[in-house]
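Where a number appears in this text, it was derived from the coordinates with a stated rule and is not lab data. Quantities reported herein were computed from a predicted structural model and do not represent experimental measurements. Every residue, glycine among them, receives a Cβ derived from its backbone with ideal geometry; neighbour counts consider all protein chains shown.
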Amino acid sequence: MAKKLSIITAGGNLPFANNGLKLSENILIEKIEEHEKFKSLFSIDKTLLDRIASDMEKNSFDSSQPVHIWVTKGDDGKEHNYLIDGYTRVAASKMAGIKMIPYFKHTFESFEEAHRYALHLQTDRRNLNGIDLLKNIQELMGSDYIQSLEGNKNEAIGKELGISEKTVERANKVNSMASDEQIERIENGEASPNQIYNEIINQETVDEEATDEQRERIESGEATIKDICKEIKAEKKSRKASKKKSSDDDISESLSTNEGTPAGLNFNHSDGIERPSYRLSPEEDSERTKERKAAYEAGLKKGSDLAYEIYDFILSEIESGKSAEKIRNDSHFDDFSVARIYRAFNLSDEQKQEEEKSSDSDNGDSGISDFDDDIIMGESV
């Protein structure tokens, strides 16, 4: 019969759990060191702690859930076993009188690298919220890793934590503008980061838009900041509705003075010329849409052909040995108007005929004479 091997006779290094990726070892709790930075970034829920400790007293430590330890040398040259994930489980083990627990050993180059790994473990198990969310977003925002990234840093942090960019933006505002009292309320679970964010926005609204009378009511306790914000929003909504009604009344009055005939109304156009408006029939509107589409497609083709000619020209100049500076200063590029470029590259008569045909279509009797053909072609290029 094979001899039964115990953890003690194995010298404390018997693999404890296997998650399919790596084997854990076990360690005496007294050898585990708390890292103040990690301890502050991930708070312990007292109710959860008591529940886990009670379960451990009955069932011992769940060996399928090892803690994670960063083994590193400090400035003093000594080796340290810093706990990076599992603070609640370690605290519960101490309460239950457990002396040895399983752990995964890690080596990291820096605190930032260890922090990102710990975040990965945390967000895989649960969503960060409350003060933990704020602290970890603040820690990431100040890290060399995030600061070295180009582009949207809020988006990068969101991807790290599995949250939206908008959530990161709001958290940044709370971190930078919340009062000590507001932060304390978040820490105590009396308010969420989102509630504090709304309080900050409401305060900004009052500071920027409240009247003296409204401020006096806040100071006297007659109204809250939230009450005044509701009043300000209601006033804005009322002004907007009033402005729309006034605009509608102006049009109604114009119609009535022109015997209800829309064609009798004059409107100013961008070129400063007044023209009578004309309401198209469904058939005319459909025809106009087709003509606009045809003009757009013709302009797109012309732009594409021209781009190819320019590209081909630049390649030939490069092959001839010209530098980028000489090509950039070539006379072909001294004026980027459509007409000049067409002449500079000697485009075919067929292309010019297509241009003239498209121009005739754009400026026919379809009612689109307000469109500038040069502008259309310029956009296509």
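So here's what we get for this one:
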read-out: Charge context of GLY158, other residues only, Cβ under 10 angstrom, K/R +1, D/E -1; value: -1
read-out: Nitroxide proxy distance, nm - points 7 Å out along Cα→Cβ at GLU79 and PHE313; value: 7.1
read-out: Cα-based convex hull, region 192-234, per residue volume (Å³, whole number); value: 67
read-out: Estimated FRET transfer efficiency when R0 is 45 angstrom, pair LYS39-GLU204 (beta carbons, to 0.05); value: 0.85
read-out: Pairwise FRET efficiency - ASN188 versus SER64, Cβ, R0 = 30 Å, nearest 0.05; value: 0.35
read-out: Long-range amide H partners of ASP85 with built H, under 5 Å; value: HIS68
